[in-house]
Amino acid sequence: MQDRETEPKKPPVSEVTPVFDPSIVSRIERERLVLPCWDVDPELFFAESPADVESAKSVCVDCPVRLACLAAAIDRNEPWGVWGGELVVTGRVVPRKRPRGRPRKEVAA
């Protein structure tokens, strides 16, 4: 008989995903959804570089609970991060991450 390694038992979604409303957690468990963000380093969703922020947003594109994730982040007034495919800063959605540093001065016409 071949010796098989068994996968460690994963904790229920409700223990590892406290950011969702309980109804969303039950949907994830009931439908056995696998969220794309579970396979990515969480640091990506709180990245400093605009390119990394765009990469994090792209992870969320096909997520089945994308809108619920964004709504929960706004309800919680999240200070920053990519939630539901959008960049949230001080509890509000912003279109893009500005690079670090001072913006260039524009010459008035």
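The values are calculated or read from the model by the stated rules, or taken from the named source; none is laboratory data. Because the structure is predicted, anything quoted here is derived from the model rather than measured. In this analysis, Cβ positions are derived from the backbone assuming ideal geometry, glycine residues included, and neighbour counts consider all displayed protein chains. Please note that ligands, DNA and RNA were not included when accessible areas were found on the heavy atoms of the full protein model with its side chains. Shrake-Rupley method; radii C 1.70, N 1.55, O 1.52, S 1.80 Å.
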Output the residue which, of all residues in segment 68-96 that are assigned to a loop (DSSP other than H, G, I, E, B) and open to solvent by 70 Å² or more (accessible area, probe 1.4 Å), is farthest from PRO42 (Cα to Cα).
PRO95
Among the residues of segment 30-67, which ones are of a type outside the set (A, V, I, L, M), crowded, with 17+ Cβ neighbours inside 10 Å and closer than 16 Å to VAL94 by Cβ?
PHE45, LYS57, CYS60
Only one of (1) out of contact with any strand residue (DSSP E or B) (no Cβ under 8 Å at 6 or more places or on another chain); (2) under 27 Å from PRO22 (Cβ atoms) fails for PRO50. Which number is that?
(2)
Single residue of ARG27, ARG4 found to be more than 10 Å from the chain's Cα centre (by Cα), modelled with pLDDT under 95 and open to solvent by 90 Å² or more (accessible area, probe 1.4 Å)
ARG4
Go through segment 30-57 residue by residue and tally those that are in a loop (DSSP other than H, G, I, E, B) and more than 13 Å from the chain's Cα centre (by Cα).
6
